[in-house]
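One structure is given here, and the rest of the page talks about it.
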Amino acid sequence: MVRAGLTRERVTSAAAELADEIGLDRVTMAQVARRLGVKDASLYSHVRSLEDLRGRIALLAADEKTIRIAEATAGLSGKDALVAFAGAWREYAHRHPGRYAATQTPIPIDPELAASAPGPRRAVELTYGMLRGYGLAEPDLTDAVRLLRSTFHGFVALEAAGGFAHARSPQASWVRALDALHTLLENWPPLRDGDSS
């Protein structure tokens, strides 16, 4: 029998909170059940498996992160949009480390569930929209998206791991990195002959 008040959304939310506290890779069904005050078996009325639950955390986090980025960048363009976009990304990663990890980890997600979740699709639209403001078109758009994602994720991952031991503040380096990205995006190198695939 399904416990009254227990829903798929509540299970996902509890697991996401736990992921932020202890790390995504340490979340178990037993811990989520304890958090909710139910038996482990009760969870399986709402999620199929731990893998399914992690996929749901990833989609929840993608939605949350995309909403924050959309709010931060609304009405902005160029460097202002880039700085706001990057700042919202970094803030989400700091505030919700477990959920953020779920968005960066390849987790098999039920295709039907993924199709109904707007976050990942909206994230792509926001990123491409911002980069079109720099006058980029394919295949440069894809290359620029990969550069931004690598830079933002690499920075926040190193920061979270304590990888910046130098006396210079990470914030100062973050600001300079965004200055450099803006300069690069405004002066994007042309494709070389035959480099269009």
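The values are calculated or read from the model by the stated rules, or taken from the named source; none is laboratory data. Quantities reported herein were computed from a predicted structural model and do not represent experimental measurements. When we count neighbours, we look across all protein chains shown, and the Cβ atoms used for this are built from the backbone with ideal geometry, even at glycine.
Figures for the structure shown
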| item | result |
| --- | --- |
| Residue that is farthest from Tyr92 (Cα to Cα), among those in region 1-45 that are acidic (Asp, Glu) and within 27 Å of the chain's Cα centre (by Cα) | Glu9 |
| Checklist (1) at pLDDT 90 or above; (2) more than 12 Å from the chain's Cα centre (by Cα) applied to Ala115, failing item | (1) |
| Neighbours by Cβ (under 8 Å, 6+ apart or cross-chain): first from region 154-183, of a type outside the set (Val, Ile, Thr); second at pLDDT 95 or above and surrounded by fewer than 11 Cβ atoms within 10 Å (Cβ to Cβ) | none |
| Region 155-167, subset more than 17 Å from Gly98 (Cβ to Cβ) and at pLDDT below 95, residue surrounded by the most Cβ atoms within 10 Å (Cβ to Cβ) | Phe164 |
| Tabulated pairs, region 1-21, first buried (at least 21 other Cβ atoms within 10 Å of the Cβ), second modelled with pLDDT under 95 and assigned to a loop (DSSP other than H, G, I, E, B), C-beta under 7 angstrom, 6+ apart or interchain | Val11/His46; Val11/Val47 |
| Some residue of region 146-167 being among the acidic types (Asp, Glu) and in contact with a helix residue (DSSP H, G or I) (Cβ under 8 Å, 6 or more places away or on another chain) | yes |
| Any helices (runs of 4 or more DSSP H) falling wholly within region 87-189 and containing at least 1 residues that are in contact with an Asp or Glu (Cβ under 9 Å, 6 or more places away or on another chain) | 97-104, 111-116, 118-132, 170-186 |
| Residue within region 137-149 that is at positive phi and free of Cβ contacts under 8 Å to residues at least 40 places away in the same chain present | no |
| Matching residues, region 141-178, being more than 22 Å from the chain's Cα centre (by Cα) and either of a type outside the set (Lys, Arg) or under 21 Å from Gln104 (Cβ atoms) (or both) | Ala165, His166, Ala167, Ser169, Ala172 |
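Each row is one residue, and each column tells you yes or no for (1) surrounded by fewer than 16 Cβ atoms within 10 Å (Cβ to Cβ); (2) in contact (Cβ under 8 Å) with a residue 60 or more places away in the chain; (3) touching a Phe, Trp or Tyr at 6+ places or on another chain (Cβ under 8 Å).
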position: Val27; (1), (2), (3): no, yes, no
position: Ala30; (1), (2), (3): yes, no, no
position: Arg34; (1), (2), (3): yes, no, no
position: Val38; (1), (2), (3): no, no, no
position: Leu43; (1), (2), (3): no, no, no
position: Ser49; (1), (2), (3): yes, no, no
position: Ile57; (1), (2), (3): no, no, no
position: Lys65; (1), (2), (3): no, no, yes
